[in-house]
Amino acid sequence: MEVYPPSEDSELLLEVAMREISLDDEVLEVGVGSGFVSERIKGLCKFLVATDISPHAVKESKSKGIDTVRTDLCRGIKKKFTLVLFNPPYLELSEEEKKGGWLEKAVNGGKNGVEVMVRFLDEVKDVLAESGRILLVVSSLNKSIFEEIRRMGYTYSIAGRRKLFFEELYVLRIQRR
């Protein structure tokens, strides 16, 4: 298996996206993975494109009719979007857990699980419309991300949450300050 399978975090992002999306939205899903979310929302907005770094994820999402670009996060994307979705890698893997490969890129968020999120929040400024919104999945284990969001000039609210065995997942609705 080379593509992150839909899980509780994917379902939570979809649930919040279904409440948030409008027919006027131009949507970017970063890290499309299997295409689970994009496949279900593509008819509910004006425009949808997705990205993923994994060639396997790009192939799988394209097979579901999703316009997908292979890139790291949103690099090279020139359009502005009113809604950006991202279910990022948010785990900090131990050295023993690191095996390499595409699936690791889908789950390894780096130190404290937030390195990929911080890089995303820095890069997404270039593709986020002035009044655009971001829906970002985070874990209660990613405590430092809340301060990073504020430090980078954004505000956030909790748009959805799901309690799991060892953590709580949140979908944050993030906007520019």
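Is it the case, given these coordinates, that Arg161 is basic (Lys, Arg), in a strand (DSSP E or B) and either over 15 Å from the mean Cα position of the chain (by Cα) or surrounded by fewer than 15 Cβ atoms within 10 Å (Cβ to Cβ) (or both)? Judged against the criteria, Arg161 is a match. Could you look through the stretch 123-158, keep only residues that are of a type in the set (Val, Ile, Thr) and surrounded by 15 or more Cβ atoms within 10 Å (Cβ to Cβ), and pick out the one that is farthest from Cys45 (Cα to Cα)? So, considering only residues that are of a type in the set (Val, Ile, Thr) and surrounded by 15 or more Cβ atoms within 10 Å (Cβ to Cβ), the one farthest from Cys45 (Cα to Cα) is Ile145.
For the stretch 17-56, a residue qualifies if it is among the basic types (Lys, Arg) and part of a loop (DSSP other than H, G, I, E, B), and exactly one does: Lys46.
Regarding Lys62, is this residue among the basic types (Lys, Arg) and in a helix (DSSP H, G or I)?
yes
Every listed requirement among (1) in a helix (DSSP H, G or I); (2) touching a residue at least 60 places away in the same chain (Cβ under 8 Å) is met by Arg173 save one, (1).
Per-residue answers, yes or no, for (1) out of contact with any Gly (no Cβ under 8 Å at 6 or more places or on another chain); (2) closer than 20 Å to Leu135 by Cβ; (3) of a type in the set (Phe, Trp, Tyr):
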{"position": "Ser34", "(1), (2), (3)": "yes, yes, no"}
{"position": "Val49", "(1), (2), (3)": "yes, yes, no"}
{"position": "Ile66", "(1), (2), (3)": "no, yes, no"}
{"position": "Lys78", "(1), (2), (3)": "yes, no, no"}
{"position": "Val84", "(1), (2), (3)": "no, yes, no"}
{"position": "Asn87", "(1), (2), (3)": "no, yes, no"}
{"position": "Leu93", "(1), (2), (3)": "yes, no, no"}
{"position": "Glu96", "(1), (2), (3)": "yes, no, no"}
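Every number here is computed from the coordinates shown, using simple stated rules; none is lab data. What you see is a predicted model, and the numbers here were worked out from it, not measured in a lab. Note that each Cβ is placed from the backbone with ideal geometry, even for glycine, and that neighbours are counted across all protein chains shown.
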